[in-house]
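The next block holds one structure in the form of structure tokens; read it before the comments.
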Amino acid sequence: MMYIGISSGFHDAGVSVVADTGKLLFAAHSERYSKKKHDANLCAGIVKEAMSYVISSNYEVHYYEKPWLKAIRQFRAGQPIGPLSVKQIIGPELAEMLGDKPIKTHVHHKTHAAAGFQTSPFEDATVVVIDAIGEMDCISIWDARYDKRGKAVYKKLWSKKYPNSIGMFYSAMTQRVGLRPMDEEYILMGMAAYGKPKYANRMASVFLDDIFDIEFKQNLHIGLEENNFLDKADDMDIAASAQLLCETLIEKVMLKAFRLGSSKNLVYGGGVALNCLANRLLGKYFSNIWIMPNPGDAGNSLGAAALGYGGKIEWQDAFLGTNIKGPYPVKEVIKELTKKKMVGVASGRAEFGPRALGNRSLLADPRGPEIKDKVNEIKRRQKFRPFAPIILEEYVHEYFDMPRGWNDSRYMQVIATCRHPDLYPAIVHHDGTSRVQTVPKDGSGIRQLLEAWYKETGCPMLLNTSLNIRGEPMVNDRSDADRFEKLYKLKVVS
Ligand SMILES: [Fe+2]
């Protein structure tokens with residue numbers, strides 16, 4: 001038996017394939033194939049590639065939420081009701097490509113929980129899910145453990161239903177400052193360092209009835225009402241205030257999880273788990289933390305497949321998508337870097353998740369003050385945003401002060417204070433922190449590259465940003481890499 005998991009229809013569609021041994025064969029985002037950022041729908045390209053890993057006709061298809069349950073919420077909220085069957089959602093062509101099988105559905109927050117717990121190194125955990133919205137739940141806390149047969153068992157301990165949503169609050173604030181909600185929340189997070197949280201108390205009193213129990217007064221699903229107390233507020237102050245209130249609410253949930261759960265292990269999922277600034281606080285309540293590198297809805301395709309499989313998934317790394325075959329181009333990258341040039345890498349399997357972790361990356365020497373502007377000539381992003389460092393894991397404590405509970409950060413999931421901000425200004429934010437990626441001794445291509453770079457220069461880290469054409473998702477295959485080379489006249493090695 002094999003298990004195909006799909007998420008599609010809202011935002012960030014994805015497909016995952018799990019073998020009956022628990023081996024994770026394939027996991028990817030639809031956007032990398034359709035070239036539409038955050039593509040809500042599956043496309044033929046991703047389904048075709050996923051099906052190439054399904055070598056038996058004995059397989060099941062699992063979907064990441066329950067359409068009828070979502071329809072009840074939409075009906076109650078007076079919203080248009082979506083399709084009630086998965087086949088309607090994905091369309092007859094893709095249903096046929098998936099073998100026209102009956103498609104099993106799972107509760108949205110449970111697929112988030114499964115995507116996290118069944119890929120984690122833990123035998124038991126307290127699972128916290130915080131996103132914008134699933135069917136009904138916007139926040140949930142679970143006890144998760146394996147039974148004697150190795151099957152994952154989930155018990156819901158607490159939940160908060162629509163419209164009491166931390167994710168929707170943060171998205172409404174994202175929209176308020178002129179950014180795209182459900183997309184550019186990470187920019188709002190970056191802006192927070194430049195503002196003062198002077199509206200946080202007012203936001204709490206206007207939006208919330210009960211801050212301890214996360215009861216909202218207003219439904220922020222459709223954004224803020226016009227003519228409100230933030231009309232004349234500075235965008236940076238709104239960002240700082242939204243971040244502070246968001247962190248306060250997350251802390252309330254984590255405290256609740258700590259009290260209700262019985263495990264010292266935290267598994268955290270849902271789109272809000274991408275807030276790497278807030279994630280520095282998680283170690284206050286839990287000794288061990290696992291966030292699957294793709295905790296948002298595309299990651300739920302893996303959760304759906306995991307629920308179908310039932311047991312622990314054999315997790316190695318996040319390199320699970322399209323394969324650009326061949327050895328990692330260590331020598332070629334070093335050659336470019338030592339000429340003080342930026343260089344793109346498109347090698348091996350694409351990352352599952354929103355971060356470039358070394359296989360679809362634009363890399364540069366992080367030392368000195370000029371490099372940030374040079375990389376920005378390509379990326380053209382807001383000048384206030386820094387780039388991220390990627391570092392040999394054994395040196396991370398020499399260069400960064402890691403937050404409590406975080407000894408590593410293999411998927412860029414937490415910020416850490418840089419110990420030498422003057423030496424590496426391109427990778428340090430206004431508040432002195434960096435979104436660090438640590439690379440363990442795992443023999444991966446990016447590990448070999450960092451080791452070679454360290455040998456050459458004595459510097460154990462590189463500047464790492466995603467390899468993408470502006471406005472497009474990350475490069476997926478070699479033809480995307482060729483387009484990038486042509487457009488920016490910058491070498492992409494494979
Ligand atoms: Fe979700």
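Do we have Ser241 as more than 16 Å from the ligand (Cβ to nearest atom), within 29 Å of Met189 (Cα to Cα) and at pLDDT below 95 here?
When the stated conditions are applied, Ser241 does not pass them.
Need pairs with beta-carbon distance below 8 Å; first residue of a type in the set (Lys, Arg) and within the stretch 158-175, second surrounded by 21 or more Cβ atoms within 10 Å (Cβ to Cβ); sequence gap 6+ or separate chains.
Short answer, once both residue conditions are applied: Lys160/Asp137; Lys160/Cys138; Lys160/Ile139; Lys160/Ser140; Lys160/Ile214; Lys161/Asp137; Lys161/Cys138.
Does the stretch 419-439 hold any residues that are in contact (Cβ under 8 Å) with a residue 24 or more places away in the chain and not β-branched (Val, Ile, Thr), and which are they?
Matches in the stretch 419-439: Leu423, Tyr424, Pro425, Ala426, His429, His430, Asp431, Ser434, Arg435, Gln437.
Mind checking which residues of the stretch 122-151 are within 13 Å of the ligand (Cβ to nearest atom) and open to solvent by 20 Å² or more (accessible area, probe 1.4 Å)?
Correct list: Met136 only.
Among the residues in the stretch 279-288, are any assigned to a loop (DSSP other than H, G, I, E, B), within 16 Å of the ligand (Cβ to nearest atom) and not aliphatic (A, V, I, L, M)?
No - not one qualifying residue is present in the stretch 279-288.
Yes/no matrix, rows are residues, columns are (1) assigned to a loop (DSSP other than H, G, I, E, B); (2) modelled with pLDDT under 95; (3) on the phi > 0 side of the Ramachandran plot; (4) of a type in the set (A, V, I, L, M):
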{"position": "Val17", "(1), (2), (3), (4)": "no, no, no, yes"}
{"position": "Arg32", "(1), (2), (3), (4)": "no, no, no, no"}
{"position": "Ser57", "(1), (2), (3), (4)": "yes, yes, no, no"}
{"position": "Arg73", "(1), (2), (3), (4)": "no, yes, no, no"}
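Considering the stretch 103-121 alone, what residues qualify as being touching a residue at least 60 places away in the same chain (Cβ under 8 Å), within 13 Å of the ligand (Cβ to nearest atom) and open to solvent by 10 Å² or more (accessible area, probe 1.4 Å)?
Scanning the stretch 103-121 gives His106, Lys110.
Check Arg419, Arg447 and return the single one that is among the basic types (Lys, Arg) and under 18 Å from Asn359 (Cβ atoms).
Testing whether each residue is among the basic types (Lys, Arg) and under 18 Å from Asn359 (Cβ atoms) leaves just Arg447.
Is one or more of the residues making up the stretch 157-174 more than 16 Å from the ligand (Cβ to nearest atom), open to solvent by 30 Å² or more (accessible area, probe 1.4 Å) and closer than 30 Å to Glu314 by Cα?
The answer is yes; a qualifying residue exists.
Just to be sure, is Glu393 touching a strand residue (DSSP E or B) at 6+ places or on another chain (Cβ under 9 Å), within 22 Å of Lys491 (Cα to Cα) and modelled with pLDDT of 95 or more?
no
Quick test of your reading of the structure: Gly190 fulfils all but one of (1) touching a Lys or Arg at 6+ places or on another chain (Cβ under 6 Å); (2) part of a loop (DSSP other than H, G, I, E, B). Name the failing condition by number.
Condition (2) is where Gly190 drops out.
The values are calculated or read from the model by the stated rules, or taken from the named source; none is laboratory data. Note that the structure is a prediction, hence the values are computed from the model and not measured. Methodologically, a virtual Cβ is constructed for each residue, glycine included, from the backbone with ideal geometry; neighbour enumeration extends over all protein chains shown. Note: accessible area is taken over every heavy atom of the protein model, side chains too, but ligands, DNA and RNA are not part of it. Shrake-Rupley method; radii C 1.70, N 1.55, O 1.52, S 1.80 Å.
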